[in-house]
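Notes to accompany the following structure.
The values are calculated or read from the model by the stated rules, or taken from the named source; none is laboratory data. Predicted, not measured: the structure shown is a model, and the values here were computed from it. Cβ atoms come from the backbone with ideal geometry, glycine included; neighbour counts cover every protein chain shown. Just so you know, the surface numbers come from the protein's heavy atoms only, side chains and all, with ligands and any DNA or RNA stripped out. Shrake-Rupley method; radii C 1.70, N 1.55, O 1.52, S 1.80 Å.
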Amino acid sequence: MKNAPKNRVQQSVAAGAVLMMLGVSGCSFTAEQFTATPYAPSDGIVKDVGPVLLRNILVVGRDDETAGRLIGTVFNTSDEPVDLSIRAGGASTSVTIEGQGEFRFEDETADDSTLEGLQDVPGSLIDVDFEVEGEDATFQVPVLDGTLEEYREFVPGGYTPRPSEPAATEEAAEGE
């Protein structure tokens, strides 16, 4: 009988420790794991339209709103060739992707990737319509310029850096 109270105390302490550990670690049972959520790790969008996978799709343009160039890769997961039609603003283009093939817009030298007359400036999102085999989808695609070096070679008409802002304006210099 001398051991009975001691055992009860030990059991109570052990039960309390277990309950405390469950309380402390219980948040991992119900909390969402953000590391398991898929996301686009680059500048463009990652979407699917029918059998076509759109990967890192974006538009590179200039402030003068004359043209934009599509960048990114599209994959055809079907065994048959498919036609992908793309419309943005008043501009449109289409490409054929071979069965189980891919099409990289940045590798094209033809006008397949140029969208003339875009009204959106770099830094905005533009609604782009994608159509494959009668299935339509509209996604907001980012419009970038040549500020990032990796996109400079794709700017329609070439990239011209903006002039640096002067350290002091003439008005400030006159006030001294």
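Is it true that some residue in the stretch 83-99 is touching a residue at least 60 places away in the same chain (Cβ under 8 Å) and open to solvent by less than 80 Å² (accessible area, probe 1.4 Å)? Talk me through it step by step, then tell me what you get.
Here is the first cut: in the stretch 83-99, the residues touching a residue at least 60 places away in the same chain (Cβ under 8 Å) are none.
Checked the stretch 83-99: no residue is touching a residue at least 60 places away in the same chain (Cβ under 8 Å) and open to solvent by less than 80 Å² (accessible area, probe 1.4 Å).
Every residue, every condition in (1) without any contact (Cβ under 8 Å) to a residue 12 or more places away in the chain; (2) in contact with a Cys (Cβ under 8 Å, 6 or more places away or on another chain); (3) among the aliphatic types (A, V, I, L, M); (4) open to solvent by 70 Å² or more (accessible area, probe 1.4 Å), yes or no:
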{"position": "F34", "(1), (2), (3), (4)": "yes, no, no, yes"}
{"position": "P41", "(1), (2), (3), (4)": "yes, no, no, yes"}
{"position": "V49", "(1), (2), (3), (4)": "no, no, yes, no"}
{"position": "L54", "(1), (2), (3), (4)": "no, no, yes, no"}
{"position": "G61", "(1), (2), (3), (4)": "no, no, no, no"}
{"position": "G72", "(1), (2), (3), (4)": "no, no, no, no"}
{"position": "S78", "(1), (2), (3), (4)": "no, no, no, no"}
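In the stretch 93-119, which residue that is of a type in the set (A, V, I, L, M) and either under 21 Å from the mean Cα position of the chain (by Cα) or part of a loop (DSSP other than H, G, I, E, B) (or both) is modelled with the highest pLDDT? If you could, list the steps in order and put the result at the bottom.
If we filter the stretch 93-119 for residues that are of a type in the set (A, V, I, L, M), which is where we start, we get 95, 97, 110, 115, 118.
Still in the list and also either under 21 Å from the mean Cα position of the chain (by Cα) or part of a loop (DSSP other than H, G, I, E, B) (or both): 110, 115, 118.
Values: A110: 63, L115: 80, L118: 73.
Here the residue is L115.
Looking at the stretch 123-130, is at least one residue over 16 Å from the mean Cα position of the chain (by Cα), outside any strand (DSSP E or B) and surrounded by 14 or more Cβ atoms within 10 Å (Cβ to Cβ)?
No, every residue in the stretch 123-130 fails to be over 16 Å from the mean Cα position of the chain (by Cα), outside any strand (DSSP E or B) and surrounded by 14 or more Cβ atoms within 10 Å (Cβ to Cβ).
Considering only residues of the stretch 131-156 that are open to solvent by 80 Å² or more (accessible area, probe 1.4 Å) and part of a loop (DSSP other than H, G, I, E, B), which is modelled with the lowest pLDDT?
Taking the candidates together, the pick is T147.
So which residues in the stretch 115-162 are among the small types (G, A, S) and at negative phi, if there are any at all?
First pass over the stretch 115-162, keeping only residues among the small types (G, A, S): 117, 123-124, 134, 137, 146, 157-158.
Hits for the stretch 115-162 are S124, A137, G146.
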